[in-house]
Each structure stands twice: as C-alpha cells, then as structure tokens.
1. I'd like the full set of residues that are acidic (Asp, Glu), at pLDDT below 95 and part of a strand (DSSP E or B), limited to segment 1-22.
2. Take the residues in segment 74-94 that are more than 19 Å from GLY59 (Cβ to Cβ) and among the aromatic types (Phe, Trp, Tyr); name whichever of them is surrounded by the most Cβ atoms within 10 Å (Cβ to Cβ).
3. Considering segment 38-48 alone, what residues qualify as being surrounded by 13 or more Cβ atoms within 10 Å (Cβ to Cβ) and without any contact (Cβ under 8 Å) to a residue 40 or more places away in the chain?
4. Looking only at residues in segment 78-92 that are in contact (Cβ under 8 Å) with a residue 12 or more places away in the chain and in a helix (DSSP H, G or I), which one is farthest from ASP40 (Cα to Cα)?
5. Conditions first: (1) over 18 Å from ASP99 (Cβ atoms); (2) at pLDDT below 90. PHE45 passes all but one, so which condition is the exception?
6. Need the failing condition index for THR25 against (1) closer than 22 Å to GLU111 by Cα; (2) outside any strand (DSSP E or B); (3) hydroxyl-bearing (Ser, Thr, Tyr), just the number.
7. Here are some conditions: (1) outside any strand (DSSP E or B); (2) surrounded by 16 or more Cβ atoms within 10 Å (Cβ to Cβ); (3) among the hydrophobic types (A, V, I, L, M, F, W, C). ILE35 meets all but one. Which one does it not meet?
8. All but one of (1) surrounded by 10 or more Cβ atoms within 10 Å (Cβ to Cβ); (2) modelled with pLDDT of 85 or more; (3) assigned to a strand (DSSP E or B) hold for TRP61; which doesn't?
Amino acid sequence: MRPEYLTQRLDDPQYEIYLPLVYNTGAPIEEQKFIQTRKDLFSKFEGLSVIPPNVLVEGYWQSDGITYRDQNVIFKILTIEDEDDFFSQYKEILRKRFDQEEILIVKTPAEKL
C-alpha cells in the first residue's frame, strides 16, 4: 500500500519543522531527541524527509535587540489534509523536548508534479 502523501493533490499542505542543534546554553542537543521526533512523525504520517545536520541550515532571528543564530535540522512532512491542530499541539511537545522558547513550524501548499 502506498503512503497517502504519494497521492498528494494540488495545494495539499507541507509542514516544515525547524529544530536547533544546540540548546540556548550552547550545549548540543542529544541525538535521541531527534530520533524520537522522527519516530513520532513517521508513525503518524508514514513518511517524511529530513534535512540532516551535515547540510548546514542556518537561521537568524532577533529578540530584544539581540541577534541569534541557529543551526537547524529540518523535518518536512507532506500531508493530504490540514493538520494544523496536530502541529499546534506537537509544537508544545517539541518546545519542551528541545527546551526552547519557540519552535518554528511552517505550513506551505505543495504541488506534486
């Protein structure tokens, strides 16, 4: 049986989760947390893509006049229906798991060619 994301239609959602490689203290985040996140998402959606840490994805953001720099792992999930409720709840799990003030999750329409 083919995973549902392979039958994707025009404008079905794609979600991207940006997870930092280090805590705000600068200490590296344990690999097990990324493994658990991959398992969670694969179990729910039966497929995902991961842009791994050896592909440098840098993010910059500013708060209270201070510029921060993150190096990120990106999890990409294609869905066939809106999963905003799931990702809103899962964002809180990730925020606690990765000990972050904020976790960036981006939703965009995706078109399969």
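The values are calculated or read from the model by the stated rules, or taken from the named source; none is laboratory data. If you're wondering where the values come from, they're calculated on a predicted model, not measured in any experiment. Reconstructed Cβ throughout: ideal geometry from the backbone, glycine too, with neighbour counts over all protein chains shown.
1. Residues of segment 1-22 acidic (Asp, Glu): 4, 11-12, 16.
Then drop every residue that is not at pLDDT below 95, which leaves 4, 11-12.
ASP12 - this is the single residue of segment 1-22 that is acidic (Asp, Glu), at pLDDT below 95 and part of a strand (DSSP E or B).
2. First, pick out the residues of segment 74-94 that are more than 19 Å from GLY59 (Cβ to Cβ): 78-86, 88-90, 92-93.
Cutting the leftovers down to among the aromatic types (Phe, Trp, Tyr) gives us 86, 90.
Working: PHE86: 14, TYR90: 20.
Here the answer is TYR90.
3. As a first pass, look at segment 38-48 and keep what is surrounded by 13 or more Cβ atoms within 10 Å (Cβ to Cβ): 38, 40-42, 44-48.
ARG38, LEU41, PHE42, LEU48 - these are the residues of segment 38-48 that are surrounded by 13 or more Cβ atoms within 10 Å (Cβ to Cβ) and without any contact (Cβ under 8 Å) to a residue 40 or more places away in the chain.
4. Start the filter on segment 78-92 by keeping residues that are in contact (Cβ under 8 Å) with a residue 12 or more places away in the chain, which leaves 78-84, 86-87, 90-91.
Going one step further and asking which of them are in a helix (DSSP H, G or I), we end up with 84, 86-87, 90-91.
Working: ASP84: 16, PHE86: 12, PHE87: 12, TYR90: 10, LYS91: 12 Å.
The selected residue is ASP84.
5. The failed condition is (2).
6. (1)
7. (2)
8. The number of the failed condition is (2).
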